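Trainee: This structure is in structure tokens; I'll ask about it shortly.
Please treat every number below as a calculation from the coordinates, not as lab data. Please read all numbers here as calculations on a predicted model, not as lab measurements. When we count neighbours, we look across all protein chains shown, and the Cβ atoms used for this are built from the backbone with ideal geometry, even at glycine.
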Amino acid sequence: VPPPIIAPSILAADFSRLAEEARAVEGAADWLHVDVMDNHFVPNLTIGLPVVQSLIKTTTLPFDVHLMIEAPERWSIGYAEAGAYNVTFHVEATDDPVALAKSLRAAGSRAGLAIDRGTPVEPYLELLPHFDTLLIMTIKAGFGGQAFLPEMLDKVRTARRHASSGHLELRVEVDGGIAADTIEAAADAGADAFVAGTAVYGAADPAAAIRALRQAVSR
Ligand code: DX5
Ligand code: ZN
């Protein structure tokens, strides 16, 4: 089992000081989780490619881009070309997830598939060899600060079981409501990448909050 990934989400950071907020978690975080929302796929709007192209130059952290947008085939490659480590799009937003995964890998990025709260995982298990990351929402996508939904962990268990039996190298990432009191349950279910917005950037010391989360899942 590879060591766990802790990915603070800048959705909970101060958007007027993104570079400083990224720097505040360098050395503590594994990835920087960047939530891109278009006010169509989800009813919220954040940042897009120009901001990511600028921000990515200010930090050594690998970017974990989470696209909550319609027509991800139109935008994903731009994030890969900007240097994102991993680009994740939603299965609900595209008709040909495998083609997009292949283009992302060809463009030099890892490919991630996200499934929202209402979407089952079973129909997509056969696609997983084309992906490096499976992001399972543990809230409904769109906003930070929502309560963790433990019933989503059945999807994590199903995905992890499938990945293990198929010897897939797959990060199973959970996103939404991850904090000191929920991260262990997600890890027990088989998650090995953990997004945390409020629990990191809502803390007085974001780097210490990341260390505490890591401690909770280091076994
Ligand atoms: C919401 C985003 C999450 C968000 C999580 O749709 O995908 O990454 O930042 O925020 P918390 O950790 O506060 O639930
Ligand atoms: Zn996210």
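Trainee: What does the helix-only formula give at 222 nm for the chain: each DSSP H stretch with n ≥ 4 adding -39500 (n - 2.57), the total divided by the residues, and the result rounded to the nearest 500 deg cm²/dmol?
Mentor: Mean residue ellipticity, 222 nm, calculated: -8000 deg cm²/dmol.
Trainee: Additional query: For segment 44-121 and segment 1-17, compute the distance between their C-alpha centroids and round to whole Å.
Mentor: Each part reduced to its Cα centre gives a spacing of 15 Å.
Trainee: Going highest first, how would you order 191-201, 6-16 by mean Cβ packing within 10 Å?
Mentor: 191-201, 6-16
Trainee: Taking Cα pairs under 8 Å and at least six residues apart, what relative contact order does segment 124-208 come out at, in percent?
Mentor: 32
Trainee: Right, another one. Name the long-range amide H neighbours of ALA114: under 5 Å, sequence gap of 5 or more, or other chain; modelled H, no Pro or chain starts.
Mentor: PHE89, HIS90, VAL91, LEU135
Trainee: Using all C-alpha to C-alpha distances in segment 5-217, build P(r) with 5 Å bins and read off the rounded percent in each one.
Mentor: Spelled out bin by bin, segment 5-217 gives 1, 8, 17, 21, 22, 17, 10, 3, 0, 0 percent.
Trainee: Going by average Cβ density within 10 Å per residue, which order do the peptides 45-56, 171-182, 101-112 take, highest to lowest?
Mentor: Highest to lowest by the protection proxy: 171-182, 101-112, 45-56.
Trainee: Shifting gears a bit: Contact order normalised by length for the chain, with contacts defined as Cα pairs under 8 Å and 6 or more residues apart; what percent is it? Intermediate results must be reported in sequence, preceding the final value.
Mentor: Numbers: 459 pairs, mean separation 46.7, N = 219.
Once normalised by length, the contact order is 21 percent.
Trainee: Sort HIS40, HIS167 so the one with the fewest other Cβ atoms within 10 Å of its own Cβ comes first. Show your work: numbers first, answer last.
Mentor: Working: HIS40 12, HIS167 8.
Least to most surrounded, the residues fall as HIS167, HIS40.
Trainee: Using a 7 Å offset from the Cα along the Cα-to-Cβ direction at both ARG211 and GLN53, what is the distance between the two label points in nm, to one decimal?
Mentor: 3.8
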